[in-house]
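Report on the following structure.
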Amino acid sequence: MRFPIDVGSLSLIAGSNRDAAKQRCRLGRAYRAGRLVCGWVQVTISDDERLGLTQQERRLVRVCFHEPLDDGLRFELTQLLRRRGAAAARAAERIDPIEIVVDDPHGERQRILGRVEPPQAHHGLLREIEFALRRLESTR
């Protein structure tokens, strides 16, 4: 069976593939004060296409925390999920910075130090929630 395709939808489909190509998904680990707090972090790195941003401002980092997860970090993330608006922003400021070590397929490692930001979606399993990571500094 064939379905008719509107020519306008082709550009929409092509645009979604182009956006997906700009995202890089990697696996990593999360550390706090040199201690492993999450052994499996899914890291998505993408670039913001808005004009007027520096290269560092363009870089968007989103993380999903999977098990095994430190009890303290799990509690902080759960509290962050329960809050909205200004309360969520205050809760995010109370969370200590996290260092994410991203494994590169070419054998190199990238270190990202940042603060976890409140997520856009507040429901679902913790491993399915994407948290933005606001970079504090970039180290290699």
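Annotations for the structure displayed:
- Test: residue in region 72-91 that is at pLDDT 90 or above, in contact with a Gly (Cβ under 8 Å, 6 or more places away or on another chain) and not hydrophobic (A, V, I, L, M, F, W, C): no
- Subset of region 118-137 [under 18 Å from Leu69 (Cβ atoms) and of a type in the set (Asp, Glu)]: Glu128, Glu130
Listed here are the residues, each with its yes/no results for (1) crowded, with 18+ Cβ neighbours inside 10 Å; (2) outside any helix (DSSP H, G or I); (3) of a type in the set (Phe, Trp, Tyr).
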position	(1), (2), (3)
Val61	yes, yes, no
Thr78	no, no, no
Leu81	yes, no, no
Glu93	no, no, no
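- On the stretch given as region 124-135, residues that are within 13 Å of Leu80 (Cβ to Cβ) and in a loop (DSSP other than H, G, I, E, B) total 2.
- Selection of region 31-55 for residues being under 17 Å from Val101 (Cα atoms) and either at pLDDT below 80 or not aliphatic (A, V, I, L, M) (or both) yields Tyr31, Arg32, Gly34, Arg35, Cys38, Gly39, Trp40, Gln42, Thr44, Ser46.
- If the condition is being touching a helix residue (DSSP H, G or I) at 6+ places or on another chain (Cβ under 9 Å), surrounded by 14 or more Cβ atoms within 10 Å (Cβ to Cβ) and in contact (Cβ under 8 Å) with a residue 40 or more places away in the chain, then region 95-140 contributes Ile98, Val116, Leu126, Ile129, Phe131, Arg135.
The values are calculated or read from the model by the stated rules, or taken from the named source; none is laboratory data. Note that this is a predicted model, so its numbers are computed, not measured. Glycine gets a Cβ as well: all are built from the backbone with ideal geometry, and neighbour counts include every protein chain shown.
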